[in-house]
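S.K.: Dumping the structure here so I can ask a few things about it.
The values are calculated or read from the model by the stated rules, or taken from the named source; none is laboratory data. What you are looking at is a predicted structure, and each value in this text was computed from that prediction instead of being measured. As a convention, Cβ positions derive from the backbone with ideal geometry for all residues, glycine included, and neighbour counts pool all protein chains shown. Calculation scope for accessible area: heavy atoms of the full protein, side chains included, ligands and nucleic acids excluded. Shrake-Rupley method; radii C 1.70, N 1.55, O 1.52, S 1.80 Å.
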Amino acid sequence: MNRILLASAFLLVSISAAFADEIPSAVPAALGQVPAAVSPAPKAPAPKLVEPHLHIARSNVAGHARVALTFDACMGQADERILSTLVRERIPATIFVTARWLKRNPAAVAVFLQNPDLFELENHGQNHIPAVDTPTLIYGIASAGSPQAVRQEVEGGAAAMVAAGIPAPHWFRGSTAKYDLSAIGEIRAMGYRIAGYSVNGDGGSLLGAVITEKRIASARDGDVVISHVNQPTHAAGEGVAKALVDLKAKGTQFVRLQDVEDTGDDKTTE
């Protein structure tokens with residue numbers, strides 16, 4: 001009897017081992033096995049971005065440096081500290097406006113249009129979206145992401161300007177002032193010059209009044225200054241207004257982009 005039981009047990013073990021050999025990985029989860037980790041898909045390389053420089057023709061007259069003041073009107077309200085200083089001191093400037101800003105600031109637009117000898121109005125886009133034709137984030141802002149979206153940003157901004165009674169623009173500056181080279185080619189093919197800069201006056205309107213004043217007042221012959229005219233609650237606006245008076249007192253010759261020859265890198269004006 002013991003021999004029979006022992007033989008049966010031996011047979012059962014042999015059959016189980018053979019069965020296990022035939023399905024070693026048929027149900028790994030049921031057997032408590034963890035499948036190998038799947039490697040994540042490789043990320044697309046980030047686009048190469050450029051932040052073009054722009055200079056204007058120098059006056060080459062000692063004590064009378066030629067400077068182009070450019071202001072971005074992105075979103076928000078008009079900064080009356082800056083606007084009133086420009087009008088009172090009769091200082092010409094180029095203002096880059098978005099469609100969004102135009103809708104919110106009809107009174108400021110009226111001031112611009114009432115002073116055509118002072119203000120050149122140019123295109124800052126429809127919705128303040130970076131003019132980069134591949135998906136990426138720039139300072140936390142999503143880019144246009146495709147050639148079609150870049151075109152919409154540019155054309156939408158221009159259409160809003162014309163609808164507001166502003167002459168058709170010839171210059172474009174995108175949100176963040178950064179581009180990829182292919183988008184630069186696309187915008188240039190649309191007939192625009194792209195406005196870089198050589199002096200960052202207010203650090204996106206995030207700098208304090210003192211450092212902003214110092215930066216702008218240090219502009220040299222041939223410089224193009226970028227600042228913002230849409231942040232009336234930021235300290236930077238106070239510094240901008242003071243710097244305008246400082247430059248005027250030094251005999252600076254202020255010009256708009258339309259009034260003088262210019263040179264931009266990354267094929268933005270050539």
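S.K.: Assuming R0 = 30 Å, what is the FRET efficiency of Ala249 and His53, from their Cβ-Cβ distance, to the nearest 0.05?
M.R.: Values: r = 27 Å, r/R0 = 0.90.
The pair Ala249/His53 has a calculated efficiency of 0.65.
S.K.: Would you be so kind as to identify which of Thr212, Ala177, Ile194 lies farthest towards the positive end of the dipole of segment 163-213, taking Lys and Arg as +1 and Asp and Glu as -1 on Cβ and the Cα centre as origin?
M.R.: The residue sitting most towards the positive pole is Ile194.
S.K.: Name the shape class, rounded, prolate or oblate, that the alpha-carbon gyration tensor gives for segment 50-154, where a ≥ b ≥ c are the square roots of its eigenvalues, rounded holds for a/c under 1.5, and otherwise prolate holds if a/b is larger than b/c and oblate otherwise.
M.R.: oblate
S.K.: Mind running the shape call on segment 127-177? Use the C-alpha gyration tensor, a ≥ b ≥ c as the square roots of the eigenvalues: rounded below 1.5 for a/c, prolate if a/b tops b/c, oblate otherwise. Write out the running numbers ahead of the final one.
M.R.: Details: a/c = 2.71, a/b = 2.09, b/c = 1.30.
Cα axes put segment 127-177 in the prolate bin.
S.K.: Going by the alpha-carbon gyration tensor, a ≥ b ≥ c the square roots of its eigenvalues, is segment 123-270 rounded (a/c under 1.5) or, if a/c is not under 1.5, prolate (a/b greater than b/c) versus oblate?
M.R.: Taking the square roots of the gyration eigenvalues as a ≥ b ≥ c, segment 123-270 is prolate.
S.K.: Ranked highest first by the average count of other Cβ atoms within 10 Å around their residues, in what order do 241-251, 58-68 fall?
M.R.: Numbers: 241-251: 17.8, 58-68: 16.0.
With the highest mean Cβ count within 10 Å placed first, the list reads 241-251, 58-68.
S.K.: Oh, and also: Can you pull the percent of segment 36-163's accessible area that's carbon plus sulfur, 1.4 Å probe, other chains left in place? Present the calculation step by step, with values, prior to reporting the outcome.
M.R.: Details: 3690 of 6260 Å².
Carbon-and-sulfur percentage of accessible area, whole number: 59.
S.K.: Sort the following peptides by mean Cβ neighbour count (other Cβ atoms within 10 Å, averaged over residues), highest first: 89-99, 204-214.
M.R.: Going from most to least packed, we get 89-99, 204-214.
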